[in-house]
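This report refers to the structure that appears directly beneath it.
The values are calculated or read from the model by the stated rules, or taken from the named source; none is laboratory data. The shown structure was predicted, so the numbers you read here are calculated from the model rather than taken from an experiment. A quick note on method: Cβ atoms are made from the backbone with ideal geometry, for glycine too, and the neighbour counts reach across all protein chains shown.
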Ligand code: SF4
C-alpha cells in the first residue's frame, strides 16, 4: 500500500519520486546524498514567513555521530552534517526582513555544529551565534538540542557575551546514574554534566536549564533511579521532558536482556514527573513580582489579550493592542495561572529603535 519511501536527506527529490511512483507504481529513495537538500528547496515566500509569526526555526545541523544505545537518530538521520554559515545567514536575513524577531537554531546535536565559515574555516556554534546576533531585527536567539559532551568554550562565551542569546539551555542528561549513562553510551558522567552546568552558570548568572530523562532503561535499579532524582534536585530545572524507556528496533539497547517491569517504570515516571512539576511551578512562581522581557507573538484566546514568551519560554499574557506583536517589552508579572504568567507592560512606549534590557528574574541553583 506504500507508494513512496523517502529518507530525511532526500525529500528535495519528492517531485521526481512522485513522477516515478506514478509511472512505476512505487519509488524508494533512502540514500544519504552528499548534496545539500536545502539548496534544492524553494525559499519560503515572504507572506508565508509573515504568516508563521515572529519566531522561526532554522536548521543549522542534522544527524548525529554519538550512537547512544537507545536512539535511532544516527541510523535514520545519518552522520553529523553542518550547513555553511553563508547559507544560514541568507536564510536568517530573509526571515528578519519579513518580521521574524526570534530564531531557534535546530539540529539533532546542534552544538556539534561545525559549518564552514566565510573565512573557509570550521565555525563552532558559539561563533555562529555571535555572528547571527548582529543581524538587524533579530532580538532573540535560541538553539536546540545539545549534547553535554559538545559544550565548548565558544558556546559558554556566547552565553556570557550575547544579550540576544536567551538564558535557557535545553541540556538532556537522560539519567543521573553513571552506571546507566555508561549503558546508554552517553559518553559523559554525572560529574561531567554537573561541571558543564556550572560553567554555564558562571558565564550567565540567570541561566536556567531544561532536560530530557528516560526512566526504566534496561537494568536501571532503584538505586540508579534515586541517583536521577538526586541530580534533578541538585540542578533544579525550569522544565523537563521525561519518558518511559521503549526499545527502538535495531538499536543496541533493544537487545538488552535486563528489563524493568511496567509497574516499576510507571512508578518511577510518576515520581520523577512530580519532582519536575514542583520545580517548574517553583520556577514560574519565582517570576511573580519581577519584570521580564516578553516577545509578543499573537492575540490570545481571551479578547484584548496578547500572548508572548519570556526569555525562559514561559507564556506571558497582557491586555494590550495588537500592534505590540513583534515587540520585546518589559512586563511586570502579577500572577500565575497554571503555566501562564499574567502581567502588565511596564513602559509601553520606548524611544524608536530601543529595546529594554534583559530580564531581571532570579532563579535558584
Ligand atoms: S540521543 Fe541525541 S546524542 Fe544520543 S544518539 Fe540520539 S541524537 Fe545523538
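General observations
- Residue in the stretch 127-142 that is modelled with pLDDT of 95 or more and within 16 Å of the ligand (Cβ to nearest atom) present: no
- Some residue of the stretch 48-61 being touching a helix residue (DSSP H, G or I) at 6+ places or on another chain (Cβ under 7 Å), within 16 Å of the ligand (Cβ to nearest atom) and part of a loop (DSSP other than H, G, I, E, B): yes
- Selection status of residue 342, buried (at least 20 other Cβ atoms within 10 Å of the Cβ) and assigned to a strand (DSSP E or B): no
- The residues of the stretch 146-183 that are closer than 29 Å to residue 258 by Cβ and either touching a strand residue (DSSP E or B) at 6+ places or on another chain (Cβ under 6 Å) or away from the ligand (no atom under 14 Å from the Cβ) (or both), listed by number, are 171, 172, 173, 174, 176, 177, 178, 179.
- Residue ID - surrounded by the fewest Cβ atoms within 10 Å (Cβ to Cβ), chosen from residues in the stretch 211-226 that are over 21 Å from residue 282 (Cβ atoms) and touching a helix residue (DSSP H, G or I) at 6+ places or on another chain (Cβ under 7 Å): 219
- Condition check for residue 140: out of contact with any helix residue (DSSP H, G or I) (no Cβ under 7 Å at 6 or more places or on another chain), in the same structural domain as residue 251 (by TED's automatic domain parsing) and closer than 26 Å to residue 308 by Cβ: yes
- Whichever residue in the stretch 108-126 is surrounded by fewer than 16 Cβ atoms within 10 Å (Cβ to Cβ) and more than 18 Å from residue 62 (Cβ to Cβ) and, among such residues, is nearest to the ligand (Cβ to nearest atom): 121
- Selection within the stretch 72-107: residues that are crowded, with 21+ Cβ neighbours inside 10 Å and part of a loop (DSSP other than H, G, I, E, B). The member of this set that is nearest to the ligand (Cβ to nearest atom) is 107.
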